[in-house]
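> Below is the structure I would like to discuss, written out as C-alpha cells.
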Amino acid sequence: MPYQGAFKITSLFVNEWIARFGTPIGLHPGQGAEFERGLLEEVCRMFHIHKTQTTPYHSRSTGLVERTNGTVTTILRAFIERHQSDRWDEILLSI
C-alpha cells in the first residue's frame, strides 16, 4: 500500500501547497517509504525542488519540525474542543 500513501501525499502537496503558495525552494520530508524513490521524488525533479533527507534516528535533524508539529497539534486540539468540531482538516490551512 505504500503507493496509495505516496499518491495521496504527492497529490495533496501539488494541489494544496504548490497550487496555493507556489513551488518551495526545498523539501525536507521524513523517512517514510512514501517519500523515497517514487512519485514525490519525481515531482521534486519536475518542479526543481531541492529535496533533502532526514537522518534516521537523529532527532536533532528534525527538532524544529517536531516542535512545529506539536504546536499545530495543540492549536487544532484547542479548536476542536472549543467548537465541538472534528473538521480539523478544513481549518489546518488557516493555522
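The values are calculated or read from the model by the stated rules, or taken from the named source; none is laboratory data. Please read all numbers here as calculations on a predicted model, not as lab measurements. Here the Cβ is made from the backbone with ideal geometry for all residues, glycine too, and neighbour counts use every protein chain on show.
> Select from the range 21-34 the residues that are surrounded by fewer than 16 Cβ atoms within 10 Å (Cβ to Cβ) and modelled with pLDDT under 90 and list them in ascending order. Let's see the steps before the verdict.
Taking the range 21-34 as the starting set, the residues that turn out to be surrounded by fewer than 16 Cβ atoms within 10 Å (Cβ to Cβ) are 21-26, 28, 30-33.
Hits for the range 21-34 are 28, 30, 31, 32, 33.
> Which of the residues spanning the range 35-60 are farther than 14 Å from residue 11 by Cβ, assigned to a loop (DSSP other than H, G, I, E, B) and either at pLDDT below 85 or not assigned by TED's automatic domain parsing to the domain that holds residue 25 (or both)?
36, 37, 52, 53, 54, 55, 56, 57, 58 - these are the residues of the range 35-60 that are farther than 14 Å from residue 11 by Cβ, assigned to a loop (DSSP other than H, G, I, E, B) and either at pLDDT below 85 or not assigned by TED's automatic domain parsing to the domain that holds residue 25 (or both).
> Using beta carbons and a limit of 6 Å, which pairs, at least six apart or on different chains, have the first residue in the range 66-78 and surrounded by 11 or more Cβ atoms within 10 Å (Cβ to Cβ) and the second one outside any helix (DSSP H, G or I) and not acidic (Asp, Glu)?
Cβ pairs passing all conditions: 72/95; 75/95.
> Does the range 1-20 hold any residues that are at pLDDT below 85 and either aliphatic (A, V, I, L, M) or in a loop (DSSP other than H, G, I, E, B) (or both), and which are they?
Taking the range 1-20 and keeping what is at pLDDT below 85, we get 1-9.
Residues satisfying the conditions are 1, 6, 9.
> Tally the residues that are under 20 Å from the mean Cα position of the chain (by Cα) and closer than 20 Å to residue 16 by Cβ, restricting the search to the range 74-85.
Going through the range 74-85, the residues under 20 Å from the mean Cα position of the chain (by Cα) turn out to be 74-77.
Filter once more, keeping what is closer than 20 Å to residue 16 by Cβ: 75-76.
Adding up the residues that qualify gives 2.
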